[in-house]
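One structure is given here, and the rest of the page talks about it.
Since every read-out is calculated from the coordinates, none of them should be taken as a lab result. Just so it is clear, the structure is predicted and the values come from calculations on it, not from any experiment. For neighbour counting, all protein chains shown are included, and Cβ atoms are generated from backbone atoms with ideal geometry for every residue, glycine included.
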Amino acid sequence: MATLSFDEFMKRVVERNPGEKEFQDAVKEVMSTTWETFKANKRFVDANIMERIVEPERIIIFRVPWTDDQGKIQVNRGYRVQFNSAIGPYKGGLRFHPAVNLSVMKSLAFEQTFKNALTTLPMGGGKGGADFDPKGKSDAEVMRFCQSYMDELYRHIGPDTDVPAGDVGVGKREVGYMYGQYRRLTNTFTSTFTGKGLAWGGSLVRPEATGFGAVYFGEEVLKRNNETFKGKKVVVSGFGQVAWGVAKKLVELGAKVITISGPDGYVHIPDGMTEEQVEYMLEMRASCRDRAEDFSDKFKNATFHKGVKPWVVPCDVAMTCAIQNECNLDDVKTLMKNGCKMILEVSNMGCTLEAAEYLREQDIEFAPGKAVNAGGVATSGLEMSQNSIRMSWDAAEVDKKLRGIMKGIHDVCYQYGKQDNGKVDYVKGANIGGFMKVAEAMADQGAI
Ligand code: 2IT
């Protein structure tokens with residue numbers, strides 16, 4: 001191993017994970033930026049950390065049968081990738097989306113490992129989900145699906161083993177149905193899930209945390225440039241919980257949120273969203289509408305642009321808040337041509353690998369999802385702490401801790417990513433910051 005070059009290493013990763021483009025890209029991104037650090041550390045080389053760290057500890061794939069409202073039996077495929085538990089129980093969300101497959105799950109679980117390490121809280125990396133599309137399903141169908149999913153998953157998780165949460169397509173409702181079934185099957189009330197309802201062990205600020213944390217991270221980047229969000233025009237994609245949290249905090253800070261988007265296109269709000277409009281995003285979500293057009297139908301100052309992503313709108317800051325690979329090389333070139341000075345990846349791997357590699361070389365602030373969106377899982381960690389001490393903190397307390405964690409993540413990225421020309425390579429900084437902690441833990445614990 002010690003003699004392998006990076007290219008030879010990647011060749012082996014590609015051979016061992018054939019056809020898994022998302023996973024291969026995720027490995028390439030992390031490993032290309034940590035390779036020198038690895039090589040310089042004899043302990044890591046002797047322990048063959050690089051080959052071990054890209055191998056998931058365990059993957060569970062299972063059948064999820066459920067009965068639809070017509071009485072017909074449907075089947076989906078469920079996953080849980082338990083990637084790395086060197087620094088704590090596996091932790092990461094569950095995603096219900098038709099595009100879920102093994103490669104997507106592995107790439108997200110791999111990313112989660114380093115993201116969770118960056119939070120400084122004791123959480124390993126995991127991710128799961130199913131290729132189930134909650135869109136258009138009745139509430140009863142969603143409940144039956146969640147119960148069937150948990151009928152298998154329950155035996156693989158636990159408060160000290162693996163703690164799932166929500167992700168795309170899994171919100172408080174789905175967490176409720178899954179947690180209820182888990183509780184019934186195990187006859188225990190434990191903190192095996194985060195993102196729980198407030199009445200049953202959830203944490204204040206968890207719904208807002210990913211979005212708020214992303215904005216706090218952005219504030220730190222702006223502070224380095226002696227700037228603030230006030231008056232900045234921000235292009236936001238998505239309209240889910242993450243986009244909502246981002247919009248809410250940005251409006252509070254006096255920024256202009258000039259777009260949101262859905263699968264159908266984007267909405268342009270040239271004067272920036274109002275608080276009322278931010279609240280309306282919640283209503284859209286609560287009624288399971290997924291068309292951005294609904295939003296522009298309701299407000300006169302908003303126009304709908306069918307089938308187009310929001311990256312064409314001139315702005316100061318762009319924040320990807322929808323899904324992986326939503327922003328490609330052409331999109332980032334368009335953003336930069338139109339004057340954008342900062343791109344924050346809020347969705348996991350929101351920029352394609354090509355776009356991210358390009359941005360690292362440009363005169364623009366660019367920070368990756370595993371640093372920017374870590375506030376979500378960090379607040380899940382705070383939810384676990386509160387459950388363990390059987391207490392709950394008030395919103396100000398949780399928010400203060402979240403803010404401190406985001407500043408800490410920014411500072412670690414700065415420490416490892418600062419370059420001679422003054423630019424900060426946040427991608428490299430986040431990867432090395434996360435990698436060091438996991439690699440140290442693995443090296444300490446022997447060949448496990
Ligand atoms: O991607 C993520 O960090 C999440 N979906 C949140 C995971 C969690 O355990 O709160």
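Of all beta bridges that DSSP places with both ends in the range 261-345, some 60 percent have antiparallel geometry. The value given for the range 301-448 is a Kirkwood hydrodynamic radius of 17.3 Å, derived from the mean inverse Cα-Cα separation.
For the range 287-425, relative contact order (Cα pairs under 8 Å, six or more residues apart, normalised by length) works out to 17 percent. For Arg184 and Asp420, the difference between the fully extended length at 0.36 nm per residue and the C-alpha to C-alpha distance is 79.3 nm. For the peptides 254-263, 113-122, 333-342, 63-72, residues were scored by their other Cβ atoms within 10 Å and the scores averaged per peptide; the highest-first order is 113-122, 254-263, 333-342, 63-72. A Förster radius of 25 Å, combined with the Cβ-Cβ distance separating Asn225 from Asn41, puts the computed FRET efficiency at roughly 0.15. Projected onto the charge dipole of the chain (+1 at Lys/Arg Cβ, -1 at Asp/Glu Cβ, origin at the Cα centre), which of Met143, Ser388, Thr259 gives the Cα projection farthest towards the positive end? With unit charges placed on the Cβ atoms, the residue in question is Ser388. Phi angles across the range 251-264 convert, under the Karplus curve 6.51 cos²θ - 1.76 cosθ + 1.60 with θ = phi - 60°, into 3J(HN,Hα) values of 4, 4, 8, x, 7, 9, 8, 9, 8, 9, 8, x, x, 8 Hz, Gly and Pro given as x.
In the range 1-145, Cα pairs under 8 Å separated by at least six residues give a relative contact order of 24 percent.
In a simple Cβ point-charge model (Lys, Arg +1; Asp, Glu -1; nothing else charged), the chain has a dipole of about 520 debye relative to its Cα centre. According to the square roots a ≥ b ≥ c of the eigenvalues of the Cα gyration tensor, what is the shape class of the chain, taking rounded for a/c under 1.5, prolate for a/b larger than b/c otherwise, and oblate for the remainder? The shape class here is rounded. Looking at the chain, the DSSP beta bridges with both ends there are about 55 percent antiparallel.
For the range 277-345, the square roots of the Cα gyration tensor eigenvalues, ordered a ≥ b ≥ c, give a/c of at least 1.5 with a/b greater than b/c, which places it in the prolate category. Relative protection proxy for 355-363, 40-48, from highest mean packing down: 355-363, 40-48 (other beta-carbon atoms within 10 angstrom). Estimated from helices alone, the mean residue ellipticity of the chain at 222 nm is -15000 deg cm²/dmol (sum of -39500 (n - 2.57) over DSSP H runs with n ≥ 4, per residue). If you average the alpha carbon positions of the range 62-90 and of the range 373-448, how far apart do those two centres end up, in angstrom? Centre-to-centre (Cα) distance: 28 Å.
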